[in-house]
Amino acid sequence: TAEAGRDFIRDIVQADLDADRHKTVVTRFPPEPNGYLHIGHAKSICLNFGIANEFGGRCHLRFDDTNPTKEEQEYIDAIKRDVHWLGFDWGENLYHASDYFEQLYEWAEYLIKAGKAYVDDQSPDEMREARGTLTEPGKDSPFRNRSVEENLDLFRRMRSGEFPNGARVLRAKIDMAAGNINLRDPVLYRILHAVHPRTGTEWCIYPSYDFAHGQSDAIEHITHSICTLEFEDHRPLYDWFIDNLPVPSKPHQYEFARLNLTYTVLSKRVLTTLVRDGHVKGWDDPRMPTLAGLARRGVPAEALREFVRRIGVAKANSTVDVAMFDHAVREVLNAKAERRMAVLKPLKIVIENYPDGQADEFEAANHPDNEAAGRRTLRFGRELYVERDDFMETPSKGFYRLSPGKEVRLRYAYLVTCREAVKDASGEVVELRCTYDPASKGGNAPDGRKVKATLHWVNAADAVEAEVRLYNPLFATPEPNAANFAADLNPDSLEIVAGAKLEPSLAEGGVEPVQFERLGYFVRDKDSTPGRPVFNRTIGLRDTWAK
Ligand code: ATP
Ligand code: MG
Ligand code: MG
């Protein structure tokens, strides 16, 4: 069992097991298949599956597929893939709210027969108007006191397809003056002539979230139904249904704070619009906070789980600094990513005194702290690439890298000195002429002279050319405005580097995730083609968030 006191929900589970209120804990993760899962869902997945794993229970994956106009098979498939990617498995416990449509319908008739539900013919506007406000009680519908017979007849005709969308609804008869607006005769069924991904056209009435959710929990013998805080004032309604229906078990709802992240929008409405309007290149665009996007960006699932563990589970909403997420990503990648050399913006250097035909080989460790990662052989040559940013014709104060007359260390290889910058007609530096010190093999001078800068490089003769995609935050402001998000989009969220040069060990896949020395962590993208890899930068080496 889990250690006590880790969070209030685990405490409740532990107490319920200790008191024998339940033999085993059963949780569920209930996504609506109307979009891809995002980092907020990861918090819920880790909590629900985590509790099941830690306490020897089980967690169901249940698709909350009660709104066919927004739901698609693509989303169902993506959700399954992403839950697995995050490292969790529902085993045989895959369910759909739509599996319970017939049972839910019978329970609706049960409420009608008990005088606890009625068919309302008011228009949506009239119903909204009559619902009242926080300070004003609602008004009873003129249809509230229909007879059981009339209600049954109308509800059955709703089911058989006699009425158009929106003509009538079925409502629970609770209390139009309740302080909690959710109890003011909530809607149980609405008419919707639509094709459902699983039930096709079998149904033209669909249960509301409130009517479907708790009863689905009861059918599946869920013990702890964990949801986000917005549902706290739906709990009395959740309990009302459980108390007023002949359900097979009595689940309880518990609420926790949803995850909010700086520089990030987690509203499915906004994410859907970003995709639909082409602000990003799909749900798995590496700039998206979706699990598919994060995976494609190269974020290890382990880092996501670790991040979720660190933020914990609380009862008050707050916003987490995205730097905390990045920190977890860097920590995991630093431990696991092999090191390689790549030059993103190449500047050619020619080593004039390097003998033609000579080709030194150097051994480079694949990981500085992990011998088991092994070593690889790097070939040196007369022509190499270095990073354009590592050269300044007139060095500013504190710039110790390449400039005419300056000596630097090429990692693992030799000390080289820049002699001259060759320019094209426009004055742009196109090549550096250099010399090397043959006695400095391995990177140290025999006379012990100091060289401050160590640069990464790639041998021109066997370099692999690649496209590298550098991602920056999708939003330019720490708290993007979800209502007008387009204004807060970062215009520089994607920079494509076309002609990067990689060391040859990166030609084929298999070493990712990988750290390009001095540049950050990278992963091969699915857009790679044979002979032309595409790499995504997962994250830079250092925290660059503006303070
Ligand atoms: P939206 O309301 O934008 O459509 P949702 O949150 O309702 O999204 P669901 O698919 O219904 O999306 O969510 C499935 C589960 O994930 C729910 O139990 C929900 O509480 C949880 N969840 C969704 N967003 C977050 C979040 N930001 N933090 C924690 N849990 C979340
Ligand atoms: Mg929702
Ligand atoms: Mg929801």
inquiry  = Ranking request for peptides 260-269, 357-366, 176-185, 241-250: highest mean number of other beta-carbon atoms within 10 Å first, then the rest in descending order.
reply    = 260-269, 176-185, 241-250, 357-366
message = To the nearest 20 Debye, how big is the dipole of the chain about its Cα centre, given +1 on the beta carbon of each Lys and Arg and -1 on that of each Asp and Glu?
response = 1160
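Could you list the square roots of 5 times each eigenvalue of the Cα gyration tensor of region 342-456, that is, the equivalent ellipsoid semi-axes, sorted largest first and rounded to whole Å?
One finds semi-axes of 24, 16, 15 Å for region 342-456.
With a ≥ b ≥ c taken as the square roots of the eigenvalues of the C-alpha gyration tensor of region 204-345, please select rounded if a/c is under 1.5 and otherwise prolate if a/b is larger than b/c or oblate if it is not?
Prolate is the answer for region 204-345, as a/c is 1.5 or above and a/b outweighs b/c.
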request  = Scan around Val169 for amide H atoms under 5 Å from its own, H built in the peptide plane at 1.01 Å from N, and keep only partners 5 or more places away or cross-chain.
outcome  = Asp120
note = In degrees, nearest 10, the alpha-carbon axis of helix 8-18 is tilted away from the dominant principal axis of the alpha carbons of the chain by 60
request  = As a check on your grasp of the helix formula, calculate [θ] at 222 nm for the chain: sum -39500 (n - 2.57) over DSSP H runs of n ≥ 4, divide by the residue count, round to the nearest 500.
outcome  = -7500 deg cm²/dmol
task = Could you please state, rounded to a whole Å, how far the C-alpha centre of region 46-77 is from the C-alpha centre of region 389-465?
result = 55
request  = Give the angle, between 0 and 90 degrees and rounded to the nearest 10, that separates the Cα long axis of helix 235-244 from the longest principal axis of the Cα atoms of the chain.
outcome  = 40
ask   = When the Karplus curve 6.51 cos²θ - 1.76 cosθ + 1.60 is applied with θ = phi - 60°, which whole-Hz ³J(HN,Hα) does each residue of region 95-108 get, with x for Gly and Pro?
value = 9, 9, 4, 5, 4, 9, 4, 5, 5, 5, 4, 4, 5, 5
Mean shadow area of the chain over all directions, Cα convex hull, nm² = 32.2
request  = Could you tell me how many degrees, from 0 to 90 and to the nearest 10, lie between the Cα long axis of helix 209-219 and the main elongation axis, the longest principal axis, of the Cα atoms of the chain?
outcome  = 90
inquiry  = Bins of 5 Å, beginning at zero and ending with the bin holding the largest distance: percent of Cα pairs per bin for region 182-282, please.
reply    = 2, 10, 15, 15, 16, 18, 13, 7, 3, 1
request  = Compute the relative contact order of the chain as a whole-number percentage, counting only Cα pairs closer than 8 Å that sit 6 or more residues apart in sequence.
outcome  = 11
key: Packing-based order for 503-509, 17-23, using average beta carbon neighbours within 10 Å, highest first   = 503-509, 17-23
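Quick one: grab the alpha carbon gyration tensor of region 97-234, order the square roots of its eigenvalues as a ≥ b ≥ c, and give me rounded if a/c is under 1.5, else prolate or oblate depending on whether a/b is larger than b/c.
It comes out oblate by the Cα gyration axes.
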note = The size of the Cβ-based charge dipole (Lys, Arg +1; Asp, Glu -1) of region 345-473 about the Cα centre, to the nearest 20 debye, is 440
remark   = Out of Leu259, Ser505, Leu104 - ranked by how far each Cα lies towards the positive end of the dipole of the chain, with unit charges on the beta-carbon of charged residues - the top one is Ser505
query = Shape of region 322-403 from its Cα gyration tensor (a ≥ b ≥ c, root eigenvalues): rounded if a/c is under 1.5, otherwise prolate when a/b > b/c, or oblate?
reply = oblate
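How high is the relative contact order of region 342-456, in percent, counting Cα pairs under 8 Å that sit 6 or more residues apart?
RCO, region 342-456: 27 percent.
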Burial order of peptide ranges 298-307, 224-233 (average beta-carbon count within 10 Å, highest first) = 298-307, 224-233
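Rg(Cα) of region 1-134 divided by 2.2 N^0.38 Å?
1.34
Bear in mind these aren't lab numbers, they're just calculated from the coordinates by the rules spelled out. All values derive from a computational prediction rather than experimental measurement. For neighbour counting, all protein chains shown are included, and Cβ atoms are generated from backbone atoms with ideal geometry for every residue, glycine included.
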